[in-house]
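The structure appears right after this line, and notes come after that.
The values are calculated or read from the model by the stated rules, or taken from the named source; none is laboratory data. Because the structure is predicted, anything quoted here is derived from the model rather than measured. Virtual Cβ from ideal backbone geometry, glycine too; neighbours counted across all protein chains shown.
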Amino acid sequence: MHPVKTILGLLLFSLWALPGPSWCMEVKSDVHRYRNYELSTGYYERYEVRPGLNRPLIMDETPARPGILSYGPGTATVRVRTRLQDAHAGIAFYEGRTCVDCHRQQGGDNLHVVRNDLVCRQCHGGEPISSVNHYYSPLNKIRRHAYICAKCHQGAGISYASYLVHEPNPAMMSTRESFPLLFYAFWAMIALAGGTLAIFLPHTVLWGLRELFSGGKKKGGDES
Amino acid sequence: MMIRRFTPVQRLFHLSLILTFMMQTATGFGRLYIETAWGKWLAGLFGGYTGCLAVHKWVGILMLVLFLLHIVYAVVQIARGKMRGQDSLLPRLSDIGEFLRHTAWIFGLARQPRFDRWTWWEKFDYWAVFWGMVILGSTGLILFDSLVSSRVIMGWGINVALWVHRVEAILAILHVVLIHFFVAHLRRSHFPMDKAMFEGGVEVDAAKEHRPAWIERLKAGGDLEGHVISAVPTAMRAVYFVFGYAVVVIGALLVIYALINAPRVTW
């Protein structure tokens, strides 16, 4: 048979064998349905789900304002409460603040917030917000896959929950300690990509210039 | 007089690679840049953030199928003895020598190497697709259904897979748009477009200039007449030209907007 026909036939066959469209869809629609449901019941505290917050498009580039409520010696109670049920008890004007006022980095280091429109409390829960290390916290490692991940990602298991939602910057030296595989994989890929481009980009530019200025006759062949 | 450089099947593989690669670039950038106005517009062409992923996964599977088909095709061609000697795309030691001589020629230190059928950069581009397919395809399969893959690997492997997928994709896009498109379209000796991959052949005179060793080898083997193909109709040449430039312009715009918007994305 003609090879073009064979290939076209195999292509058509492979199209038939592809998974249905629903397999390809992300669970994003569930996220929105879930969020709308939660918003409508007022499950969240008012100050975290104020309308118009437009969470995935935080254009405000101002850094976190420690200001008069700095996370320092005067607020040491915050630090010693990281294993307690209410990690935020005793913070002044707590009701008037949003999570990212203090947890600035955590608001921008994950695709759930930045791209998928989630808010902190959809995973970290309502008041009182306990530390993830607290025994009864829904985000405790022993149950987070079932209590948190599976709300949107149906069927999530312990392995699935080990995906780092708050992903460290893979380029940082600190990541070599906290997530070495990500650090080394990232830098290996950067070395590959950077090395390839570092050699061939200047090479291509010089090559183009060489042909451009090599006389009236079209070059690139045997001559000169 | 035109002599054959690529068979219809090889051109079909290249055409499908163009179409799938551009689709993957557009849908991938649509998601990567979803925080920016440009990314939203781009994603909107494919049904938004989720639509982009659906298209990206379908086309990714298609690419892998085509890749496997190509391997089968290449093995069959090798078995039929069509890829012997200088007709083979396998790298040789002489390619390194040609690369060095070619670089020396750029600086005016040597004469151009006498290229045979495949130049070193054509072999590099060919095998770059293999390396890209393996890295992007394997990480893409991990990301295809994270719930399933997390049963095989640990969930944090998905963080790693996404970053590897991302960096390799950016490398592939930059290489294709900045280097491959430049070499095929904008070099003076091939400006405005090297249509060999679309028309299937090249003019003998041009081939004598650019690939003298190939023509001499064909002549010595008495094979030159066997490689002559009929001229391509003008209408088809116009179609190839418009299509080729459409892809170049789209690719260049995608890269330009991606570079402009890169600082506005949460990486």
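Taking the options B:69, B:100, B:90, name whichever one is of a type outside the set (D, E, K, R) and farther than 17 Å from residue B:10 by Cβ.
When all the criteria are applied, what remains is B:100.
Which number in (1) in contact (Cβ under 8 Å) with a residue 24 or more places away in the chain; (2) crowded, with 19+ Cβ neighbours inside 10 Å; (3) within 30 Å of residue B:179 (Cα to Cα) marks the one condition that residue A:170 misses?
Every condition holds for residue A:170 apart from (1).
Counting just the residues of the range B:49-68 that are more than 9 Å from chain A (Cβ to nearest Cβ) and under 23 Å from residue B:249 (Cα atoms), which one comes out surrounded by the fewest Cβ atoms within 10 Å (Cβ to Cβ)?
Checking each candidate, the answer is B:59.
Does residue B:242 count as on the phi < 0 side of the Ramachandran plot and surrounded by 13 or more Cβ atoms within 10 Å (Cβ to Cβ)?
no
Tell me whether the range B:3-19 contains one or more residues that are assigned to a helix (DSSP H, G or I), within 16 Å of residue B:140 (Cβ to Cβ) and within 9 Å of chain A (Cβ to nearest Cβ).
No, there is no match, as no residue in the range B:3-19 is assigned to a helix (DSSP H, G or I), within 16 Å of residue B:140 (Cβ to Cβ) and within 9 Å of chain A (Cβ to nearest Cβ).
Of all residues in the range B:157-172, count the ones that are surrounded by fewer than 21 Cβ atoms within 10 Å (Cβ to Cβ) and under 12 Å from the mean Cα position of the chain (by Cα).
0
Taking the range B:11-65 on its own, how many of its residues are at pLDDT below 95 and among the polar types (S, T, N, Q)?
2
Can you list the helices (runs of 4 or more DSSP H) lying wholly within the range B:116-193 that have 1 or more residues being in contact with a Lys or Arg (Cβ under 9 Å, 6 or more places away or on another chain)?
Fully inside the range B:116-193 and qualifying: B:120-144.
Somewhere in the range A:189-203, is a residue in the same structural domain as residue A:112 (by the TED database), out of contact with any strand residue (DSSP E or B) (no Cβ under 8 Å at 6 or more places or on another chain) and among the aromatic types (Phe, Trp, Tyr)?
no
Restricting to the range B:69-114, what's the tally of residues that are crowded, with 18+ Cβ neighbours inside 10 Å, in a loop (DSSP other than H, G, I, E, B) and in contact (Cβ under 8 Å) with a residue 12 or more places away in the chain?
Qualifying residue count, the range B:69-114: 1.
Residue under question is residue A:145, and the condition is that it be out of contact with any Leu (no Cβ under 9 Å at 6 or more places or on another chain) and either of a type outside the set (Ser, Thr, Tyr) or at pLDDT 85 or above (or both); does it hold?
Yes; evaluated as a whole, the condition is true for this residue.
Tell me yes or no: at least one residue of the range A:115-132 is at negative phi, within 11 Å of another protein chain (Cβ to nearest Cβ), within 19 Å of the chain's Cα centre (by Cα) and surrounded by 16 or more Cβ atoms within 10 Å (Cβ to Cβ).
yes
Hey, can you tell me all the residues within the range B:173-198 that are touching a Gly at 6+ places or on another chain (Cβ under 8 Å), closer than 30 Å to residue A:170 by Cα and without any contact (Cβ under 8 Å) to a residue 60 or more places away in the chain?
Of everything in the range B:173-198, nothing turns out to be touching a Gly at 6+ places or on another chain (Cβ under 8 Å), closer than 30 Å to residue A:170 by Cα and without any contact (Cβ under 8 Å) to a residue 60 or more places away in the chain.
Looking at (1) assigned by the TED database to the domain that holds residue A:107; (2) at pLDDT 90 or above, which is the one condition that is false for residue A:136?
The number of the failed condition is (2).
Per-residue answers, yes or no, for (1) assigned to a helix (DSSP H, G or I); (2) in contact (Cβ under 8 Å) with a residue 60 or more places away in the chain; (3) farther than 30 Å from residue B:34 by Cβ:
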| site | (1), (2), (3) |
| --- | --- |
| B:207 | yes, yes, yes |
| B:223 | no, no, yes |
| B:247 | yes, yes, no |
| B:262 | yes, no, no |
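Could you tell me which residue of the range B:20-48 is surrounded by the most Cβ atoms within 10 Å (Cβ to Cβ), considering only residues that are touching a residue at least 24 places away in the same chain (Cβ under 8 Å) and not in a helix (DSSP H, G or I)?
B:33
Taking the condition of being crowded, with 18+ Cβ neighbours inside 10 Å and facing another protein chain (nearest Cβ under 7 Å), how many residues in the range A:137-161 meet it?
5
Please find, among B:211, B:237, B:217, the residue that is of a type in the set (Lys, Arg) and touching a Ser or Thr at 6+ places or on another chain (Cβ under 9 Å).
The match here is B:211.
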